Amino acid sequence: MYLPLDFIMLSFHQLEQRHVSSEIALMEWNPMLDLIALATVNGDVLLYRLSWQKVWSVSSSSTKDSIVQVTALAWRPDGKILAYAYNNGNVGKAN
């Protein structure tokens with residue numbers, strides 16, 4: 001079924017806008033819970049609830065001379081574990 005672009009655009013409304021202290025490189029919604037994982041350009045991984053309550057954060061091993069960047073974020077299908085990968089080959093997971 002084809003939907004005209006103007007119909008699609010009218011179907012979505014911005015609910016709110018939030019500020020994050022660093023530029024966001026990646027984001028991934030949790031498939032089951034009210035959580036969103038954010039990766040900053042500085043290599044930090046942040047987890048927020050939909051209400052914008054910060055659940056936890058993981059700082060990268062970036063220094064002023066070497067920035068470690070997050071290259072991937074992925075939730076387990078049941079939403080209970082978040083995996084993240086860095087450009088230096090390190091990976092992590094959180095639950």
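The values are calculated or read from the model by the stated rules, or taken from the named source; none is laboratory data. Not measured: the values here are computed from a predicted model. Counting neighbours? That spans all protein chains shown, and the Cβs are built from the backbone with ideal geometry, glycine included.
The number of residues in the range 37-79 that are among the acidic types (Asp, Glu) and either surrounded by 13 or more Cβ atoms within 10 Å (Cβ to Cβ) or farther than 14 Å from Ala94 by Cα (or both) comes to 2.
Could we say that Asn42 is polar (S, T, N, Q) and in contact with a Lys or Arg (Cβ under 8 Å, 6 or more places away or on another chain) here? First the steps, then the outcome.
Details: polar (S, T, N, Q): yes; in contact with a Lys or Arg (Cβ under 8 Å, 6 or more places away or on another chain): no.
For Asn42, the condition - polar (S, T, N, Q) and in contact with a Lys or Arg (Cβ under 8 Å, 6 or more places away or on another chain) - is not met.
Would it be correct to say that Tyr48 is aromatic (Phe, Trp, Tyr) and touching a residue at least 40 places away in the same chain (Cβ under 8 Å)? In short, no.
Can you confirm whether Ile67 is of a type in the set (A, V, I, L, M) and in contact (Cβ under 8 Å) with a residue 24 or more places away in the chain? Can you show your working first?
Details: of a type in the set (A, V, I, L, M): yes; in contact (Cβ under 8 Å) with a residue 24 or more places away in the chain: yes.
So Ile67 passes the test.
Within the range 13-36, at least one residue is aliphatic (A, V, I, L, M), at pLDDT below 90, farther than 17 Å from Ala94 by Cβ and loosely packed, with under 14 Cβ neighbours inside 10 Å. Within the range 16-45, the set of residues being in a strand (DSSP E or B), of a type outside the set (Asp, Glu) and closer than 14 Å to Ile81 by Cα comprises Trp29, Leu35, Ile36, Ala37, Val45.
Scan the range 48-95 for residues that are assigned to a strand (DSSP E or B) and not small (Gly, Ala, Ser) and the total you get is 15.
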